[in-house]
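The structure appears right after this line, and notes come after that.
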Amino acid sequence: MDSVSRAESLAATSVDLGSAVTVRCWGTRGSIPSPGPTTVRYGGNTTCFEVRHGRQRLIFDAGTGVRPLGNDLVEKGPNAIHIFLTHFHWDHIQGFPFFAPLYDPEDKIKVVGPKQRDIDVQNLFAGQMGPIYFPVPFSVVAAEMDFEHLNEGTFEAGDVMLDVMRVRHPSFVLGYRIQVAGLTICFIPDNEMDGKGYEVGQGWEKRITDFVGDADLLIHDSMYTEEEYRSRAGWGHSTFEQSVRLAEEGGVKRLLLFHHDPMRSDDELDGIVSRLRDESLARGSALELEAAAEGVDLSLGE
Ligand SMILES: [Zn+2]
Ligand SMILES: [Zn+2]
């Protein structure tokens, strides 16, 4: 190979591996799957988010959206898979027993999440496959599994760097700050911005604003309207307005409203997004915002 064609081939390789990052929400819904004609556009599967960079595919939460993601991974061959969990509420783990790569002995799966007091991640995650809850035991899993806990600090997965922070939600719950290819993505699906009584320490508001600081993309819990929140304070979730405020104060570029209430219809979401955009424009805000939609690839950094 002469030097020109070598350079061309290297350039082609680097394009192939991609400096761009693609993200996809495989599940956008909170609490419980909500399929049906009124949720078909934004999606009925529960929480699952993927970050793709080159050959790396990082998974965040394993709600029912992880099932179609698993099928896609199986189609593309043996995999080294990372699953990062924010917490262990059902809507964030219930797709796991149906994640097809589990049953392929050629796959390696690392699960990282926050330990809950003395209970380790394997027991928390695999416990849902106990005989009372599920017919197939965890011992049937054929993939090489590895569990690690991460309650604070950083984690490196290839060339992706992750920071975590405890957020306001019942149990020990994480938000992730993901740095990849010069981009910053924050994934915080369950978080009650105005919640009281969570053990998150002093100065939490300032810390979370810094944590999302200058992110290219923030995916944040936006479950309630202000009116709904009045009777649901303490349930662990934020309002649309609270998400927008956090994004604006942190200088975030783009916000995806996430963890849709199971009762929220597509048409309602359209109306809410349009109202929030008008309000944000009137404030002179540069924030781009939209409701997270299941199954849509978003390219960043192009
Ligand atoms: Zn949730
Ligand atoms: Zn939760």
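The values are calculated or read from the model by the stated rules, or taken from the named source; none is laboratory data. This structure is a prediction, so every number in the text was calculated from the model and none was measured. All Cβ positions, glycine included, derive from the backbone under ideal geometry; neighbour counts span all protein chains shown.
Could you give every pair whose Cβ atoms fall below 7 Å, whose first residue belongs to the range 61-86 and is over 17 Å from Y176 (Cα atoms) and of a type outside the set (K, R), and whose second residue is assigned to a helix (DSSP H, G or I) and within 16 Å of ligand 2 (Cβ to nearest atom), counting only separations of at least 6 or pairs across chains?
V66/F96
Return yes or no: is E205 under 25 Å from N45 (Cβ atoms) and outside any loop (DSSP other than H, G, I, E, B)?
Here the answer is no, as E205 does not meet what is asked.
Being under 18 Å from T28 (Cα atoms), away from ligand 1 (no atom under 12 Å from the Cβ) and of a type in the set (A, V, I, L, M, F, W, C) is the filter here; which residues of the range 161-193 pass it?
L174, I185, C186, F187, listed by residue number.
Of the residues V244, V252, which is β-branched (V, I, T) and part of a helix (DSSP H, G or I)? Spell out the reasoning first.
Values: V252 fails: part of a helix (DSSP H, G or I).
From the options V244, V252, the qualifying one is V244.
Examine the range 222-231 for a residue that is within 16 Å of ligand 2 (Cβ to nearest atom), at pLDDT 95 or above, of a type outside the set (S, T, N, Q) and under 16 Å from the mean Cα position of the chain (by Cα), and state whether such a residue exists.
Yes.
Out of curiosity, is R41 more than 16 Å from ligand 2 (Cβ to nearest atom), of a type in the set (K, R) and at positive phi?
Considered against the rule, which asks whether it is more than 16 Å from ligand 2 (Cβ to nearest atom), of a type in the set (K, R) and at positive phi, R41 comes out as no.
Would you confirm whether or not the range 128-142 contains a residue that is free of Cβ contacts under 8 Å to residues at least 40 places away in the same chain, more than 30 Å from E241 (Cβ to Cβ), surrounded by fewer than 20 Cβ atoms within 10 Å (Cβ to Cβ) and within 16 Å of ligand 1 (Cβ to nearest atom)?
yes
State whether one or more residues within the range 218-239 are surrounded by fewer than 23 Cβ atoms within 10 Å (Cβ to Cβ) and in contact with a Leu (Cβ under 8 Å, 6 or more places away or on another chain).
no
I'd like the residue in the range 163-206 that is touching a residue at least 60 places away in the same chain (Cβ under 8 Å) and among the aromatic types (F, W, Y) and, out of all such residues, is farthest from F240 (Cα to Cα).
Across the range 163-206, the extreme among qualifying residues is F172.
Pull up the range 243-266, narrow it to residues that are within 16 Å of ligand 2 (Cβ to nearest atom) and either of a type in the set (G, A, S) or surrounded by fewer than 24 Cβ atoms within 10 Å (Cβ to Cβ) (or both), then point me to the one that is nearest to P35 (Cα to Cα). Before the answer, list the steps.
Kept after step one, since they are within 16 Å of ligand 2 (Cβ to nearest atom), are these residues of the range 243-266: 243, 258-262.
Okay, now just the ones that are also either of a type in the set (G, A, S) or surrounded by fewer than 24 Cβ atoms within 10 Å (Cβ to Cβ) (or both), so 243, 261-262.
Values: S243: 25, D261: 12, P262: 9 Å.
Applying the filter and picking the extreme gives P262.
Kindly provide the set of residues from the range 60-96 that are crowded, with 20+ Cβ neighbours inside 10 Å, in a helix (DSSP H, G or I) and away from ligand 1 (no atom under 16 Å from the Cβ), ordered by number.
Answer for the range 60-96, where residues must be crowded, with 20+ Cβ neighbours inside 10 Å, in a helix (DSSP H, G or I) and away from ligand 1 (no atom under 16 Å from the Cβ): R67, L69, G70, L73.
From the list R275, R264, which one is more than 24 Å from E205 (Cα to Cα) and in contact (Cβ under 8 Å) with a residue 12 or more places away in the chain? Walk me through how you get there before you give the answer.
Details: R275 fails: in contact (Cβ under 8 Å) with a residue 12 or more places away in the chain.
Step by step, each of R275, R264 is checked, and only R264 is more than 24 Å from E205 (Cα to Cα) and in contact (Cβ under 8 Å) with a residue 12 or more places away in the chain.
Taking H237 as meeting all but one of (1) more than 16 Å from ligand 1 (Cβ to nearest atom); (2) in contact with a Phe, Trp or Tyr (Cβ under 8 Å, 6 or more places away or on another chain), write down the number of the exception.
(1)
Answer yes or no: is there a residue in the range 113-131 that is modelled with pLDDT of 95 or more, more than 18 Å from D221 (Cβ to Cβ) and in a strand (DSSP E or B).
Within the range 113-131, one or more residues are modelled with pLDDT of 95 or more, more than 18 Å from D221 (Cβ to Cβ) and in a strand (DSSP E or B).
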